[in-house]
Each structure stands twice: as C-alpha cells, then as structure tokens.
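Let me begin by presenting the structure, written as structure tokens, before commenting on it.
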Amino acid sequence: MSDIDPDLIARWQALAAEVEAHSHRYYVLDQPTISDQAYDRLFRELEDLEREHPALRRPDSPTLRVGGPPLDSLSKLEHPTPMLSLDNSYDEREIGEFDARVRKLLGLERHLAYLVEPKLDGIAMELIYRDGMLESGITRGDGQVGEEVTASVRTIRNLPLRLAGSWPGLLAIRGEVVMTRSGFQTLNRKRIGRGEDAYINARNSTAGLVRNLDPKNAAEAPLRFFVHSAGLAEHARYPFQHAFVQLAQGMGFQAAAGIRRCEGVEQILAALHAIEALRPTLDYDIDGAVVKVDGVAEQEELGFRSRSPRWAIAYKFAAEQQTTRLLAIDVQVGRTGALTPVARVEPVFVGGVTVSNITLHNRDEIDRKDIRVGDVVVVQRAGDVIPQVVRSLPEQRSGELPPFDFPTACPVCGTEAVEVEGEVAIRCPNTWGCAAQVQAALRHFAGRDAMDVDGLGEKLIAQLVEAGLVTTPADLYTLTIPQLAGLERMADKSAENLHAAIDVSRGRALHRVLYALGIRHVGRTVSKKLCAHFGTWEALVAASVEELEAVEEIGPILARTLVGWLAVERNQSVVQGLRDGGVLFPDVEAAEVPEGALQPFAGKSVVVTGTLESMSRDQAKAAIEAGGGKASGSISGKTDFLVAGAKAGSKLKKAEGLGVAVLDEAAFLAMLEGTA
Ligand code: IVH
C-alpha cells in the first residue's frame, strides 16, 4: 500500500473502523446507535472507495463479509495445538463426583471456583489471528487437522476481523459457530420461496454452509460465532477462565449468555438449572452446559486425559421430548426375516433433528406402550441419537382408535410369519424366497467386512433381484458380463469391473465367507474364532453342538443356531452353489493359538505406522493379531499402542497428543518375543 496516497489510507481506515464499530454494536452488543439505512450508507461508501482504489482493501475489510470469490476445494490445516473434546455427564450426581475428583487431585478441602457456561450446539471452530488480524478459520476435523474455511468464517458478522487492542504474534481463539434460530426460520422461508428445499436443522446446515465452497452462501446465512476458549495464545495472559471470557469480549468476541462463576457443587447446580431455564429464550441452540475449573493454575495442575481436560466436564440436558402424531405403522422385513414395525410420524423437530420415522422394535413394544395409529405420541432422541416413541397419550384420542393389527403374514412375500419361543421377534421363515430378505442378505454378503464386492451396492442388488438374475449369493458367481451390462445405467466398463470384483471375492478368507452367509449370531469375531479353531470348512460343518460349545466364547444358542442353519437343505444348496461358483473356502493357515503361546497384546488395540525394517506392515499386523491384539488402522482414545517405524508422520503426532504408548521397532520386537 506504500505507493497510495496516505490521506486515502487514513480515510479508508477511519471508514472501515466506523463500519466495524457499528457492526460490533449491532451484532455483538445488541445496542445499535445508528439506523440500518445510515449503516448501509457507510458500508456503500466504503465499497465505493475500495472499488476506486482496490489496493486499499485489506483482509480485515468489512466489505469482505459479503463473501469473496468461490473456492475450488477446501484445504487441510493443522491446528497449532490439538482441539480436544469434553467428557459428558448426564446427571447431577456426576457433577458432584467431578467436583470431588478435582478437589482430591488438587488436595483441596474447601470449595473451588468454577465457571459454568452454556454448551453451544453448533460446529467447533478455531480462528487463528496473527498480529491481531484474522488469518484463518479451521474446523475441528480430527482434532489435529481440520479444514480451512477462512472465506466463510470471514462472513460471520459478530466476530472481529481485526482484534481490538494490540495482540502481537499468534492467537488461536476457539468457539462454536451456530445459526440463530430466528435466522434459520427466515432463511428457510427464503429457500422455499426460491423453490429450494428447506434446511432440516440449524446445526447440519451450519456445518454445510461453513464448508460451502461459495462464501456468498455463508454470508447470506445468519451464522454467529461464540467464543469459549483459547488454543495457542502467545501473548494473552489470564489467570482465570472468567478473565479469559472478559478478555475475549474486549477483543470484540461474543460469549454465550448466562455464564456464571460458582463456588461449590450447590452453586454449580443452581447455575446449570439457570442455564437450562434460559434455553428456550435463547436465539441459538444449546444442548447442555460446561463446568470449568476457573483458575488457570489449577487447570494446568490438573492437565489432560487422552482426549479431554480433567478440569472441565460437559453436562448434557435430558433428551428433549416433543409430541407429534402417529400417521401410520409400516412393517418392514430385515435380513433375519424379523418383522419390524416402523412408526411414520408427522415430522417433528426434536433433539436437533427432524424426525419422521421411528422404529418401534417389535409387536410387544406396540402393545406395551399401547401405541395406536392416529395417537399423539411423545418422542425423544435417546442419547441424542436414535429417536424413540416414549409413550402414547391415550387421553388425547378423539374417539376410539383400534389397536394396531400386527400382520400374521410377511408383508413382502406373504408367507405366514412364525413366532419363535423365547423370542420377541416375529419372523418370515421364507429366507431365500422373500425379496426383502434376499436383498438384505446380498447386501450383507457383498459388504466390506464380508466378501467385500467392490461396486455391488444397494441399488444394483435391488435390480439384480428384481430382474430375477439373483436369488441367493451363489447366483452372483454365475453372472456374465453381458447380463451385468444389460442392467439399467450400467456401462460396459462398469460391468467388467463388477465382474472382476466378484471374481476377486472368490478367494476371501474362510472367516469372511462364514460371516458373509449372514447366519444369526455369527458376527465377525465369532466367525474368526470358529474358523481359527476348526481350520477348514469341512471340520466346521461336521462339528456337533457340543464341539462348537467347547470353543471359547461360543454359547449354546449360537452353537444350536449354526448347526440348525447348516442342516437346512436350502442353506446347504447355497453353500454348494458358492463352491460350484468357484468360491474357494480356503483353509485357515495358522489355525488356533497353540497352548502356552505368547499373547503379549491380548485385548490391546494396536496401530502400526511408518516403515519397519524387519517386516512389512501386514506382517506386523498379523503378528499383533497372533499375539492376541487387534490391529487397527487409526488412532483413537481407545488405542493402547502405536508401533512407529521409520518416517512415521501424523499418526505418531496424534498418538503423542493423546498420550498413547509408542513402541519403536526394537520395543515392538521385544514384546513379540516376550523379552520386553
Ligand atoms: S471448552 C478442551 N466450552 O463442545 C475442550 N467447549 O464436547 C475445551 N463446546 O468441541 C472446550 N460449548 O466445541 C467449551 N462453552 C463451551 C462449549 C464447548 C460448546 C464444544 C466444543 C467442543 C465440544 C466438546
């Protein structure tokens, strides 16, 4: 900007500062001092000035809030320090336990000071400021690396593009991006007016808008940023969390309403209740509160567990309940033939999402809760995930409603349904003849953990079944390329690829083949155990119930189910069909761990990264599994060890961040050999 007239620069600076100050008063403080028209005039003046002298426009220009040019893609950016999460608690007792734990660790008898803050239900964001200027916005991602969303974040009206005060160096401010509830309604009305689909809930649309490649979309949306903590702070010092909140407000940030400083559990609980009472009055969604030790020295003394600080805990409000009307009950047929009733309800917004389908599990559940079509029902999202019908409200029935007439025949194939003693489910017994079950069985068979037939998805399976080309998994192995190419929307090349993928699956390991058959109770782990024990398919099918039960962790129900399944002629012919189709059913090479074998990784989850000298990564994984461990691909809080070879990169970093034990090659070999 050096060759620009200094007077012009001064004018730009004064104007930009004035626009930002009004913006801050309007959006953050909710105390505008000029009319909307007067603000628009100032804004236009600034735009005009920048149009005439484009060199004046700096990255903190308020005009950038309308959204810059669209991006081609989002790039990844590393967080200066990892973004961790919080432990959750769901009742007041756990808050008491948290306080006791914290005071015990600190060796304190007396009350401790906490800050209780609303827990915003938006998307986590880190804002990087360099020398006081907004440099980047990064989504949480995996906590180590997120997506750079600076262009969208810049459009958020209530965050400062330049910090008030002098803040040299790097400052990473963390908070939550949310959409206002009122703005969400307005935005949806606009979308509907334009013939677009309405957004279903504020949180998901916030995530979509922040990550949208065209920042104009974010600029149009009522997004807000609420500050709650700092990541790396080179020059900001604050002895208390409450002092941080004040400091951040002084920089120009907005903090959530209702933050309270408390001493002792009683005051914490009162603050939690106060925040819960505030919830319906707020213009943004919160799903709980966060209790933080106020003193930063105490926070530092307490430190972190692998994924979360010891000095803070989230308190989640009870699942929100709503009422809606039950429009219909549809009965679906799953892979095991179980007839599962699904409630179709008038769409209702509960626990952050719009719910319109809710599983009712089985007939007993409908009877027990006296749920009838036409009822007003109370629904909730348990653990904030799976929606449930809590109960019906019979007192709201207008007139008599008949109880639900649960079908006695399969709604898909019409076969009479059977009730198995001791089981709640009612099943369609027509396993290989019922289109619903056949399709589900094929989806399972082709799935990633089973035969892993690349490219054989749900839609294709439906087509194959409907065209009558496939009625059991065995039929897949008789399909020809012309048959596949004859399917709707199937190009010749895709037909060839699919044919090749089916061919590859012929060689899958025995435990995958067993699992792929979809026998009830025979999951992945059980399949591996059985195959490791018996070693060959022939030995497995020859085993009696008693012999099966003798295998570790195989119970009587499973043993009987398996023997029963294998005895059914139709199932035998499917197995024979697979063999005839060229599926190898390969013998297990290293069957059974010999008695007294070393199990150095028994029950442990181990990740291998980098290059090892003495073996390939697959060999290392096999060694871990032979040593009783689980070889996993990604690091999480549940990982016990990371084996790090040469050139280990991000996984090593992540493991260190999470406090996961790291083994170098020598230590790994020593453990395998039992010399560690
Ligand atoms: S403090 C070390 N305070 O909740 C973690 N987080 O479950 C420090 N969140 O990803 C986080 N409101 O984005 C904190 N008042 C608040 C919060 C809050 C919402 C989010 C945060 C984090 C998640 C953890």
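The values are calculated or read from the model by the stated rules, or taken from the named source; none is laboratory data. Because the structure is predicted, anything quoted here is derived from the model rather than measured. Here Cβ is always computed from backbone atoms with ideal geometry, including for glycine, and neighbour counts include all displayed protein chains.
Scanning the stretch 478-507 for residues that are surrounded by 20 or more Cβ atoms within 10 Å (Cβ to Cβ) and touching a residue at least 24 places away in the same chain (Cβ under 8 Å) yields L498, I502, S505. Here are R11, R58, R51: which of them is part of a loop (DSSP other than H, G, I, E, B) and of a type in the set (K, R)? Exactly one residue qualifies, and that residue is R58.
Contact annotation: residue pairs with Cβ atoms under 8 Å, 6 or more positions apart or on different chains, pairing a residue in the stretch 519-548 that is within 15 Å of R560 (Cα to Cα) with a partner that is assigned to a loop (DSSP other than H, G, I, E, B) and β-branched (V, I, T), are R520/T336; V526/I554; L530/V522; L530/V551; L530/I554; L548/I554.
Of the listed requirements (1) in a loop (DSSP other than H, G, I, E, B); (2) in contact (Cβ under 8 Å) with a residue 60 or more places away in the chain, E613 misses just one: (2). Screening the stretch 140-179 for residues that are more than 15 Å from the ligand (Cβ to nearest atom) and of a type in the set (G, A, S) and picking the one that is farthest from P32 (Cα to Cα) gives G169.
Taking the stretch 140-153 as the range and being surrounded by fewer than 22 Cβ atoms within 10 Å (Cβ to Cβ) and either among the hydrophobic types (A, V, I, L, M, F, W, C) or not in a strand (DSSP E or B) (or both) as the test, the residues that pass are R140, G141, D142, G143, Q144, V145, T150.
Listed here are the residues, each with its yes/no results for (1) at pLDDT below 90; (2) in contact with an Asp or Glu (Cβ under 6 Å, 6 or more places away or on another chain); (3) farther than 23 Å from E416 by Cα; (4) surrounded by 16 or more Cβ atoms within 10 Å (Cβ to Cβ).
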residue: I329; (1), (2), (3), (4): no, no, no, yes
residue: T336; (1), (2), (3), (4): yes, no, no, yes
residue: E346; (1), (2), (3), (4): no, no, yes, no
residue: G351; (1), (2), (3), (4): yes, yes, yes, yes
residue: L360; (1), (2), (3), (4): no, no, no, yes
residue: R363; (1), (2), (3), (4): no, no, no, yes
residue: D370; (1), (2), (3), (4): no, no, yes, no
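Among residues of the stretch 138-163 that are closer than 20 Å to R65 by Cα, those with a beta-carbon under 7 Å from a residue that is aromatic (F, W, Y) at least six positions away or on a different chain give the pairs I156/F225; R157/Y27; N158/Y27; N158/F225; L159/F225; L159/F253; P160/F253; L163/Y129.
Please go through the stretch 120-139 and pick out each residue that is within 12 Å of the ligand (Cβ to nearest atom) and either surrounded by fewer than 23 Cβ atoms within 10 Å (Cβ to Cβ) or assigned to a loop (DSSP other than H, G, I, E, B) (or both).
Applying the first criterion (within 12 Å of the ligand (Cβ to nearest atom)) to the stretch 120-139 yields 120-126, 139.
D121, G122, I123, A124 - these are the residues of the stretch 120-139 that are within 12 Å of the ligand (Cβ to nearest atom) and either surrounded by fewer than 23 Cβ atoms within 10 Å (Cβ to Cβ) or assigned to a loop (DSSP other than H, G, I, E, B) (or both).
Can you tell me which residues in the stretch 27-53 are closer than 26 Å to V177 by Cβ and touching a Ser or Thr at 6+ places or on another chain (Cβ under 9 Å)? Hits for the stretch 27-53 are Y39, F43, L46, E47. The set of residues from the stretch 241-266 being within 24 Å of V102 (Cα to Cα) and either touching a Phe, Trp or Tyr at 6+ places or on another chain (Cβ under 7 Å) or charged (D, E, K, R) (or both) comprises F244, R260, R261, C262, E263, E266. Take the residues in the stretch 536-557 that are on the phi < 0 side of the Ramachandran plot and acidic (D, E), then tell me which one is nearest to the chain's Cα centre (by Cα). Across the stretch 536-557, the extreme among qualifying residues is E552. Can you run down the residue pairs with Cβ atoms below 8 Å, 6 or more apart or on separate chains, where the first is in the stretch 81-106 and away from the ligand (no atom under 15 Å from the Cβ) and the partner is among the basic types (K, R) and outside any helix (DSSP H, G or I)? Qualifying pairs under 8 Å: R101/R310; L105/R310.
Can you confirm whether the stretch 240-259 contains a residue that is in a loop (DSSP other than H, G, I, E, B), away from the ligand (no atom under 14 Å from the Cβ) and free of Cβ contacts under 8 Å to residues at least 40 places away in the same chain? First the steps, then the outcome.
Going residue by residue through the stretch 240-259, those that are in a loop (DSSP other than H, G, I, E, B) are 252-259.
Then drop every residue that is not away from the ligand (no atom under 14 Å from the Cβ), which leaves 252.
Next, only the ones that are free of Cβ contacts under 8 Å to residues at least 40 places away in the same chain stay: none.
No, that holds for no residue.
Residues that are among the polar types (S, T, N, Q), more than 16 Å from the ligand (Cβ to nearest atom) and at pLDDT 90 or above occur in the stretch 35-58; there is at least one. In the stretch 199-227, the residues that are at positive phi form no Cβ pair under 7 Å with any partner that is at pLDDT 90 or above, whether six or more places apart or across chains. Just give me the residues in the stretch 295-325 being over 26 Å from the mean Cα position of the chain (by Cα), part of a strand (DSSP E or B) and at pLDDT 85 or above, in sequence order. Matches in the stretch 295-325: G295, T324, R325.
Taking the options I156, I95, name whichever one is of a type outside the set (D, E) and part of a helix (DSSP H, G or I). Steps first, please.
Values: I156 fails: part of a helix (DSSP H, G or I).
Going through I156, I95 in turn, the sole match is I95.
The set of residues from the stretch 549-579 being part of a loop (DSSP other than H, G, I, E, B), in contact with a helix residue (DSSP H, G or I) (Cβ under 6 Å, 6 or more places away or on another chain) and either touching a residue at least 24 places away in the same chain (Cβ under 8 Å) or not aliphatic (A, V, I, L, M) (or both) comprises just one member, I554. I need the full set of residues from the stretch 204-227 which are part of a strand (DSSP E or B) and either away from the ligand (no atom under 16 Å from the Cβ) or under 22 Å from G351 (Cβ atoms) (or both), in order please. Of everything in the stretch 204-227, those that are part of a strand (DSSP E or B) and either away from the ligand (no atom under 16 Å from the Cβ) or under 22 Å from G351 (Cβ atoms) (or both) turn out to be L223, R224, F226. Identify all residues within the stretch 275-304 that are more than 15 Å from the ligand (Cβ to nearest atom) and surrounded by fewer than 17 Cβ atoms within 10 Å (Cβ to Cβ); write none if there are none. Those that are more than 15 Å from the ligand (Cβ to nearest atom) and surrounded by fewer than 17 Cβ atoms within 10 Å (Cβ to Cβ): A277, P280, T281, D283, A297, E301. All of (1) crowded, with 20+ Cβ neighbours inside 10 Å; (2) in a helix (DSSP H, G or I); (3) among the aliphatic types (A, V, I, L, M) hold for A100 with one exception: (1).
Being closer than 28 Å to R203 by Cβ, touching a residue at least 12 places away in the same chain (Cβ under 8 Å), surrounded by 20 or more Cβ atoms within 10 Å (Cβ to Cβ) and touching a Phe, Trp or Tyr at 6+ places or on another chain (Cβ under 9 Å) is the requirement here; does V355 meet it? If you could, list the steps in order and put the result at the bottom.
Values: closer than 28 Å to R203 by Cβ: yes; touching a residue at least 12 places away in the same chain (Cβ under 8 Å): yes; surrounded by 20 or more Cβ atoms within 10 Å (Cβ to Cβ): yes; touching a Phe, Trp or Tyr at 6+ places or on another chain (Cβ under 9 Å): yes.
Yes, satisfied.
Considering the conditions (1) part of a helix (DSSP H, G or I); (2) touching a Ser or Thr at 6+ places or on another chain (Cβ under 7 Å), Q463 is excluded by exactly one of them, (2).
With a requirement of 2 or more residues that are at pLDDT 85 or above and either touching a Leu at 6+ places or on another chain (Cβ under 8 Å) or on the phi > 0 side of the Ramachandran plot (or both), the strands (runs of 3 or more DSSP E) lying completely within the stretch 630-676 that satisfy it span 641-644, 661-663.
If you check L74 against the conditions, is it touching a residue at least 40 places away in the same chain (Cβ under 8 Å) and assigned to a loop (DSSP other than H, G, I, E, B)? Considered against the rule, which asks whether it is touching a residue at least 40 places away in the same chain (Cβ under 8 Å) and assigned to a loop (DSSP other than H, G, I, E, B), L74 comes out as yes. Between E117, E176, the distinction of being assigned to a strand (DSSP E or B) and either closer than 22 Å to G67 by Cα or among the polar types (S, T, N, Q) (or both) belongs to E176 only. All of L71, L64 fail the test of being within 22 Å of V153 (Cα to Cα), crowded, with 17+ Cβ neighbours inside 10 Å and of a type in the set (A, V, I, L, M, F, W, C), apart from L64.
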